[in-house]
Each structure stands twice: as C-alpha cells, then as structure tokens.
Amino acid sequence: MNYRVNEKGYYGDFGGAYIPEMLYPNIEDLRNRYLSIINEPAFQAEYKDLLKNYVGRPSPLFYANRLSEHYGAKIYLKREDLNHTGAHKINNTVGQIILAERLGKKRIIAETGAGQHGVATATVCSLKGLECVIYMGEVDIKRQAPNVARMKMMGATVIPATSGSKTLKDATNEAMRDWINNPVDTHYIIGSVVGPHPYPEMVSLFQSIISEETKIQLLEQTGSTEPDYVLACVGGGSNAMGMFYHFLDDENVKLIAAEAAGLGVNSGHSAATSILGREGVLHGSRTILMQTDDGQVIEPYSISAGLDYPGIGPQHAHLHKVKRVNYVAITDDEAMQACMLCSKLEGIIPAIETGHALAALANIDFKKDDVVVICLSGRGDKDLDTFMTYFNL
Ligand SMILES: *Cc1c(COP(=O)(O)O)cnc(C)c1O
C-alpha cells in the first residue's frame, strides 16, 4: 500500500488543490519549488540548527513508569510539550519561515483559531524579522486574550475576522483573500496538514522530525525501532502525521488516532470527523468533513480548541479509508480525566488536545510487554482556566 502523495497531489482519493483561480500562481510557485528548496543541504543545516538551538530538539522520549503500571503496557511519551512555545506547532513554522525567506517573501500571514498557531508563527517571524499578520476571528480574540497578547509582544499585527461566525473558518477566508491580493511578497503559513497541495505534504514533512527522532530513541531505550502501538490526537492532523510518518510502512506497528467526540459522537456537539464526516472539499482539498446533506459545513465542538475542526487532512482521510490508522472518538470528559491522571502519575500536565490521545489508552487491550508511544503534543499551561473550572480547583 502506498501512503505517500502522488504527482498530482493526491493520497488515494483525497487531496488535490481546489482553489480559486486567483490563487493559482501562488500555489503553483510553491508546488514547483518547495521540494528542491527543502532538500538543499543549506536549508537542512539551518532547519536542524534552529530545531536544536531554538526549539530545543530532540524532544525527550520519556518512559512513563507509573502510567505504564496503570495501563499494563510500556508507555513512552514523546515530549513535544517541551518545545519552545509548548507544542509541536513550532516544528512546522520554523520550516516554513526558512522556506519563505528562500522564496524571497517579506511578509507572512496566517490564520489562527485558539491562537496557538498564531503564536508559533509570530515567534518565527520575530526570529527572522519578517512582517507578520495574523487573522483571527473576533470571537476567538475575546476568548484567547493571552495568546493575542503574546502575538502582539512579538510584533505581529492581529486582524479580527468579523464575518460569519467570527471564528477559525472566517479567519481562514480572510487570510486567503489577503494572499490573493498580495501574491508576490507574501507567504501563507498554514498550521496543520490541511489546505491545497502541497501544504499537507509540506507540513507533514516538517513534522516528521517527531517520528524520525522517536525511532532513534526507541532503538536506544528498547533495542528496537518498532513499537507495538503509536498514538496521537487529531485536529487537522499535523502532530499525528509527524508521529506516524516514519511508521507508516512498518505494518506491524498499530497506529491509533484520537478525535474529539465532544459531548458524545451523536450529541450534535462533536468533532469526530472520521465517524460523522463524508467526502467533500474543505479548505482547498478533497477530504472527509462534517457536513449537512446539502453540503453546508457543520460547526464542530470540542472542549479543546485545537481539535475543534470540522475536517481532517487528506492524508488522514486516506489512512482512514484504507484502514492503516484506527480512528477513535474520545469525549471531553474522558480527555479531561486522562489529563488529570497524567498530571497525578507523572508530574506532567498535558494540553487538553493531548488528553484525547492519553484517554485512548483505556480502550486498548494491551499485552504486558507491549511498547506504546504517545505523542504528547503540547503542555497544559494554556488550558489552566478550563482545568480550574472543570475540576473546581
Ligand atoms: C493545535 C494542537 C493540536 C491539534 O492540531 P494537529 O494539527 O491535529 O496536530 C493538538 N495538540 C496541541 C497541543 C495543539 O496545540
């Protein structure tokens, strides 16, 4: 089975570039040049240097002794929460900012929902001295004030999206409009493995550092590069693609992706795309998304802002369809309890997004010596208000 992108930008039935004609020149330029730029030795040297000395990689692979005892398997945490800015998102923005420089771009735009991708983008723009414009829904700006403040401190301009529901999808539309109007000097940094080709492939390449390191660390710590299970949570799917990337062809390694079931898969307040979704086009690619019978996108819901997305990236749609990855749905309550358990047993407070991956452990029938790797996609500091309210702390 082939899990990689083909020449036309498809993973099986999914992917492609469904974009307005006005965006063709931008996307074509990127598609024609991204691979040769990324493969230049000088690019790789700078990328690896920034990952090491700025982001703090390699992130540790930590054997979680007490979680292991609790679940009856050998559980390893891939600590993306220890990266600069507190999650995996910076792996992608570091890669794309070096690419943008080499494309001769002077100005960066991005969309953000909860603000995590906005912060990761503002961070690398500050590092490189490039102008940074972040589009964010007016409602999200009010809900995520600390992240807005972070972006402003690092010199970014935050522009409110005031149309529609004033949230992520409206911010995405505004960013697209900006790019159409500024095709020559501007690069658009998308924050997950979504969007038109080549974005899903490019972002998964930058995130694949996660599984590249994990294999080396597993060999050192267990004597084998092949664990029994690899788990990650899925919003758009970038930390999961990074975590799965180098394991896709190891057919003995079971891959499990946790989606947000919100208040329950059939509650009407959910983001469990692979169960509820159908094939269609979202944000420039053919994928699986939650939509009504007449094709209107259904508003997703999750307690975690990072999983609150109505689709999944096209690679995930393919991996789901060919059954290489098992997609499971985890409720708000399950994720919150898993965050508490990890905090109590390991002294590590994970992001609520990550809590979904941790909660999936409870539903697996492990053998005692099974080796399990979980992508600890981010730290829980940003979620403290939610924890305080939920657990009455
Ligand atoms: C944004 C985010 C996610 C979800 O995004 P993916 O593209 O699916 O990885 C998951 N975990 C954390 C900590 C995040 O910040």
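Read the figures in this text as sums done on the coordinates, not as results from a lab. None of the values given here were measured: they were computed from a predicted structure. Positions of Cβ are generated from backbone atoms using ideal geometry, with glycine treated the same way; all protein chains shown enter the neighbour counts.
Being in a helix (DSSP H, G or I) and in contact with a strand residue (DSSP E or B) (Cβ under 7 Å, 6 or more places away or on another chain) is the filter here; which residues of region 48-81 pass it? If the condition is that a residue be in a helix (DSSP H, G or I) and in contact with a strand residue (DSSP E or B) (Cβ under 7 Å, 6 or more places away or on another chain), then Leu67, Ser68, Glu80, Asp81 are the ones that fit.
Results for (1) within 23 Å of Met22 (Cβ to Cβ); (2) away from the ligand (no atom under 15 Å from the Cβ); (3) buried (at least 23 other Cβ atoms within 10 Å of the Cβ), shown as yes or no for each residue.
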| site | (1), (2), (3) |
| --- | --- |
| Trp179 | yes, yes, no |
| Gly191 | yes, no, yes |
| Ser208 | no, no, no |
| Gln217 | no, yes, no |
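Here Leu361 meets each of (1) assigned to a helix (DSSP H, G or I); (2) more than 17 Å from the chain's Cα centre (by Cα); (3) under 17 Å from Gly86 (Cβ atoms) with one exception, condition (3). Of all residues in region 262-320, those satisfying the criterion of being in a loop (DSSP other than H, G, I, E, B), in contact (Cβ under 8 Å) with a residue 24 or more places away in the chain and aliphatic (A, V, I, L, M) are Leu263, Val265, Ala272, Ile303, Ile312. Take Asp308 and decide whether it is within 13 Å of the ligand (Cβ to nearest atom) and of a type in the set (Asp, Glu). Yes: the conditions hold for Asp308. Of everything listed in (1) buried (at least 17 other Cβ atoms within 10 Å of the Cβ); (2) within 19 Å of the chain's Cα centre (by Cα), the single unmet condition for Gly56 is (1).
Going through (1) among the aliphatic types (A, V, I, L, M); (2) within 22 Å of the chain's Cα centre (by Cα); (3) assigned to a helix (DSSP H, G or I); (4) within 25 Å of Phe244 (Cα to Cα) one by one, Ala45 falls short only on (2). Counting the residues of region 234-261 that are assigned to a loop (DSSP other than H, G, I, E, B) and surrounded by fewer than 22 Cβ atoms within 10 Å (Cβ to Cβ) gives 6. So, in region 219-233, of the ones that are of a type outside the set (Ser, Thr, Tyr) and away from the ligand (no atom under 16 Å from the Cβ), which residue ends up surrounded by the most Cβ atoms within 10 Å (Cβ to Cβ)? It comes out as Pro227.
Helices (runs of 4 or more DSSP H) fully within region 121-207 that include at least 2 residues being touching a Lys or Arg at 6+ places or on another chain (Cβ under 6 Å): 138-143. Residues that are under 13 Å from the mean Cα position of the chain (by Cα) and without any contact (Cβ under 8 Å) to a residue 40 or more places away in the chain within region 71-101 comprise just one, Ile90. Selection of first residues in region 216-232 that are farther than 8 Å from Val371 by Cβ and of second residues that are within 16 Å of the ligand (Cβ to nearest atom) and in a loop (DSSP other than H, G, I, E, B), restricted to Cβ pairs under 9 Å at least 6 apart or on distinct chains, gives the following pairs, ordered by first then second residue: Ala232/Ser377. Looking only at region 95-120, residues that are outside any helix (DSSP H, G or I) and away from the ligand (no atom under 13 Å from the Cβ) come to 7 in all.
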